[in-house]
Ligand SMILES: Cc1cc2nc3c(=O)[nH]c(=O)nc-3n(C[C@H](O)[C@H](O)[C@H](O)COP(=O)(O)OP(=O)(O)OC[C@H]3O[C@@H](n4cnc5c(N)ncnc54)[C@H](O)[C@@H]3O)c2cc1C
């Protein structure tokens, strides 16, 4: 009997380990593996008109694809790379190569779900069966104690109900080998930055890590941070840092593209707890992975509401759409050093600490009063770990239109500076023009007389807003929108 020919469509699951569709397909016989370079992902964003795929993230993606192709070839398989929308590419290939089954992982996000529906319809039209899997969360969907549509709105309620299930499902067994179907078919060239119209980003020596895309580099980071350097032991104490490679795991870029699965990370945490230590830090990394789960499920539950200006709660805040202010924010020229330092790091490296993300998101929405979706789209363009659920979910939350029951919350810059950058080291790293100022004023250069700043050669913009007055005005606008 001719073995059944199955195809695996790779999306944001660029790995060969712990991969349900690949394992299932390999168990049946010869496999075709495909990645589609979808032009829609290279377009401009909906609200701010920004390029959706910036150079840092693009480079990480290309490295991840190269590594996936290597990984598949080592197993005896091949990765076909094709240009075009998957709903066109996949049925055409199915007809050409004669598959009877297509397997893939589902994603969240309205566009992603729309593409899935189009692929399902197109495959049905060519008589090909579709089998889907889910790997975006630690806790499998069918193990949740509630329907996705009933996901608790508040994180703590969610966490309390799922926490015990976090390590319940181990990673899947490795695929031992693959038989490439149609080895005669041209695999197609991997995309390049030039093809995307992008230049190679200039490496910045101040970057927290020289991130490299791909499952091989992801597993190496897991090994180095968790085992070799033993950083997990103190993660709870270090995780709010902003400088250096190791204050947090930096797993997010690999998790976002699926070079690592959350299950793989959780399995290592479990092994670490069994072999080294189990403490509040080991617990906390699982806790953060559950935040990730939570945003995936919230995105799935709320669909298009996640992309509305009024957010999940439908709060009609009159967001401003002031281009000049937005550009000063994007380029780190707001005149507020802690905000600018973080935005310059993002611009130069494609990464930003969680603390930094919260500070700049609060500033954009609670001080500048700008449409939070512009900020989210800037992050989409720049962050190498961009993930639509984590990004829009966190932004919505930061803007006060997400599922946060705690009212108008903002990050007080002076408090943040005193707590997380007391000596100004972070600010001086990214805003070196402020280095001549003393530690007592480096976070508030506007308090130094202009003449003194000029004498010291400090060329730095005046604050774009008065911190206290702008928060008060935006609070009033938010409260009026909520109806308080
Ligand atoms: C405005 C804003 C936008 C964000 N956008 C993204 C995004 O596009 N992609 C993304 O992966 N994370 C996003 N985050 C969440 C978080 O900042 C990053 O996951 C984290 O900083 C990545 O660094 P790390 O891997 O060292 O994290 P660690 O502290 O080591 O945490 C481990 C993992 O837990 C997950 N995680 C941690 N915090 C969160 C969180 N708040 N929400 C969801 N998952 C979390 C991530 O997968 C992370 O890799 C955003 C946060 C904010 C405030």
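Annotations
- The order of the peptides 215-221, 140-146 by mean Cβ neighbours within 10 Å, most packed first, is 215-221, 140-146.
- Gap separating the Cα centres of segment 257-297 and segment 327-357, nearest whole Å: 28
- Part-to-part distance (alpha-carbon centres) for segment 221-250 and segment 379-449, which is given in Å: 21
- Reciprocal of mean inverse Cα separation for the chain (Kirkwood radius, Å): 23.8
- For the chain: relative contact order, % (alpha-carbon pairs under 8 angstrom, 6 or more apart): 18
- Spatial separation of Cα centroids for segment 98-117 and segment 1-69, in angstrom: 11
- Segment 6-135 - Kirkwood radius from inverse mean 1/r over Cα pairs (Å): 15.3
- Put in line by how crowded their Cβ is, counting other Cβ atoms within 10 Å and starting with the fewest, 281, 310 read 310, 281.
- The gain in end-to-end length when the residue 193 to residue 163 segment is fully stretched comes to 6.7 nm, 0.36 nm per residue minus the alpha carbon separation.
- Span per principal axis, largest first, for the Cα atoms of segment 323-478 (Å): 47, 35, 30
- For segment 6-135, DSSP calls about 5 percent of its internal beta bridges antiparallel.
- Residues in segment 72-97 reached by a label modelled at residue 40 [backbone nitrogen below 14 Å; 7 Å Cα→Cβ]: 84-90
- Computed FRET value (nearest 0.05) for residue 200 with residue 106, which takes r as the C-beta separation and R₀ as 30 Å: 0.35
- Here the Debye sum runs over all C-alpha atoms of segment 215-303 as equal scatterers in vacuum, and log10 of I(q)/I(0) at q = 0.11, 0.13, 0.17, 0.23 Å⁻¹ comes out as -0.30, -0.42, -0.71, -1.23.
- Summary of packing: across the peptides 118-125, 172-179, the per-residue average of other C-beta atoms within 10 Å ranks them, highest first, as 118-125, 172-179.
- Rounded to 5, the percent of DSSP beta bridges in the chain classed as antiparallel: 5
- The chain - mean residue ellipticity at 222 nm from DSSP helices (-39,500 (n - 2.57) per run, n ≥ 4, rounded to 500): -13000 deg cm²/dmol
- The modelled label-to-label distance for the pair residue 156/residue 28, using points 7 Å beyond Cα in the direction of Cβ, is 4.7 nm.
- Sorted on the mean count of surrounding Cβ atoms within 10 Å across their residues, most packed first, peptides 189-199, 421-431 read 421-431, 189-199.
FYI, it's all coordinate maths here, none of it is from the lab. This is a predicted model, so every value here is computed, not measured. As a convention, Cβ positions derive from the backbone with ideal geometry for all residues, glycine included, and neighbour counts pool all protein chains shown.
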